Amino acid sequence: MSAKLTTIIGDYRDVEMLPDSVIYCDPPYKDTGGYGMEFDHEAFYDWCEKQAALVLISEYWMPEDRFVCIAEFERKSTFSATNNSLSRIEKVFVPKGQLEMYKRIMNK
């Protein structure tokens, strides 16, 4: 089996998903600044839940009624203007409706 990684930076709604894709999203984190753009998190949540392919989302927090945390990592912030030793917990989420798919793919 051959795997191909395609990295795309842009509007998630414009990306064509190929069969057997796994989608990794690193959207602007909710309630954080510095991105210089508006981002509709509710529309993004809806889009994630509608995907047939597995969606993995990097974020600090996601609505618990819609998403499940599957991993978390402590990271040092490098974007702080005053404190680059600030530690944050980044998490990876999947839509609740895809949890069984995630487990199957990961053999869990």
Conditions (1) over 22 Å from M106 (Cβ atoms); (2) in contact with a helix residue (DSSP H, G or I) (Cβ under 6 Å, 6 or more places away or on another chain); number of the one not met by L54: (1)
Residue selected from the stretch 48-65 under the condition in a loop (DSSP other than H, G, I, E, B) and under 11 Å from the mean Cα position of the chain (by Cα), by the criterion nearest to P19 (Cα to Cα): M62
Tally of residues being open to solvent by less than 60 Å² (accessible area, probe 1.4 Å) and under 14 Å from P95 (Cβ atoms) across the stretch 13-23: 1
Residues of the stretch 45-65 that turn out to be in contact (Cβ under 8 Å) with a residue 40 or more places away in the chain and of a type in the set (D, E, K, R), as a count: 1
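Please specify each residue of the stretch 11-25 satisfying the condition of being closer than 20 Å to M101 by Cα and part of a loop (DSSP other than H, G, I, E, B).
Once the filter is applied, which keeps residues that are closer than 20 Å to M101 by Cα and part of a loop (DSSP other than H, G, I, E, B), the stretch 11-25 yields M17, L18, P19, D20, S21.
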From D26, D65, D31, D46, residue being open to solvent by 40 Å² or more (accessible area, probe 1.4 Å) and touching a strand residue (DSSP E or B) at 6+ places or on another chain (Cβ under 6 Å): D26
The stretch 67-90 residues that are assigned to a loop (DSSP other than H, G, I, E, B), paired with ones that are modelled with pLDDT of 80 or more (beta carbon under 7 Å, 6 or more apart): S77/R88
Selection within the stretch 1-44 - out of contact with any Leu (no Cβ under 6 Å at 6 or more places or on another chain) and in contact (Cβ under 8 Å) with a residue 40 or more places away in the chain: G34
Single match in Y12, Y24, Y45 (criterion: aromatic (F, W, Y), within 14 Å of the chain's Cα centre (by Cα), closer than 21 Å to R66 by Cβ and at pLDDT below 90): Y12
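The values are calculated or read from the model by the stated rules, or taken from the named source; none is laboratory data. All of these numbers come straight from a predicted model, not from anything done at the bench. Note that we place each Cβ from the backbone using ideal geometry, even for glycine, and neighbour counts take in every protein chain shown. Please note that ligands, DNA and RNA were not included when accessible areas were found on the heavy atoms of the full protein model with its side chains. Shrake-Rupley method; radii C 1.70, N 1.55, O 1.52, S 1.80 Å.
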